[in-house]
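Here's the structure we're looking at; comments come further down.
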Amino acid sequence: MKKLSLATALPLLLLVACGRAEPVEDMPSQEELAAAANAAAAKALAEGKAEAAENRNYVNDERGFSISFPEGWEKDSGASTPDGTVYQDPGAGADVRVFWQRNEDKQSLQQVVQAMSSGSEGVDGDFIGDNEYRGTANDGEGNNVAVRLLRQPDGGIVTVTFVYPEMLSEQYQPIAKRVLDSLRVFAPKGAEAEAANAATAANAVE
């Protein structure tokens, strides 16, 4: 009896259900779903690359310089200071050190390089104008050293050294060149305000 009642009621239920059905938005096609998934993946990849690039690009606004490190290298937080930082290749014993130093005596770049070279063996390099120096050396412990110095307008010196095992020279020389090429100097944070204040004070004295 129950089976008969259900069978009799089924067409009525279907009719009521069809009568109450409301129009709904079209379901996205497989192509649209795939496009949305690809867009989301591309966005995530771009964000990941941006984050990785941010980790590799070191900018020191207080001291007025920036540099880019090789992908996969790790920051040595213990050796980093407000004046600069150290990044290491975790697998091969190579590292990059970039630091700013005050030049209170206003030494020329030639004088700074001469003092720096006294502790290295086989130093060889060239000055590029008055405010840039590039050179190579050996630390006497089986490592090659590629170095670049830039003298800022206020006399400060930014030095980047790329140290790597001599036996891996062929692998690291092009990497060292890219890193050294990426070093940039600019006006330190607050330098423009200090210059403006100095000019104002000078005008007041006059």
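The values are calculated or read from the model by the stated rules, or taken from the named source; none is laboratory data. These numbers were taken from a predicted model, which means no experiment stands behind them. Note that we place each Cβ from the backbone using ideal geometry, even for glycine, and neighbour counts take in every protein chain shown. With ligands, DNA and RNA removed, areas are computed over all heavy atoms of the protein, side chains included. Shrake-Rupley method; radii C 1.70, N 1.55, O 1.52, S 1.80 Å.
Take every pair of alpha-carbon atoms less than 8 Å apart whose residues are at least six positions apart; their mean separation over the length of region 99-192 yields a relative contact order of 23 percent. When restricted to Cα atoms, region 52-99 yields an Rg and a Dmax of 10.3, 31 Å, respectively.
Each Lys and Arg Cβ is given +1 and each Asp and Glu Cβ -1; about its Cα centre, region 89-154 then shows a dipole of about 180 debye.
Measure off, as a whole percent, the carbon and sulfur share of the 1.4 Å-probe accessible area of region 129-188, all protein chains present. Carbon and sulfur together cover 52 percent of it. In this structure region 105-174 gives 55 Å² per residue of accessible area when probed at 1.4 Å with all protein chains present.
Under 5 Å from the amide H of ASP76 lie the amide H atoms of VAL86, TYR87, GLN88, each residue being 5 or more positions distant or on a separate chain, with H modelled from the backbone and absent for Pro and chain starts. Rounded to 0.05, the FRET efficiency of the ASP181 and SER29 pair, given R0 = 30 Å and the Cβ-Cβ distance, is 0.05.
Which residue, chosen from ASN143, PRO153, GLN171, occupies the Cα position most advanced towards the positive end of the dipole of region 133-189, where the dipole is computed from +1 (Lys, Arg) and -1 (Asp, Glu) charges on Cβ about the Cα centre? It is PRO153. Residues in region 70-85 carry Karplus couplings, in order, of x, 5, x, 6, 10, 6, 8, 5, x, 9, 8, 9, x, 8, x, 8 Hz; the curve used is 6.51 cos²θ - 1.76 cosθ + 1.60 with θ = phi - 60°, and Gly or Pro positions show x.
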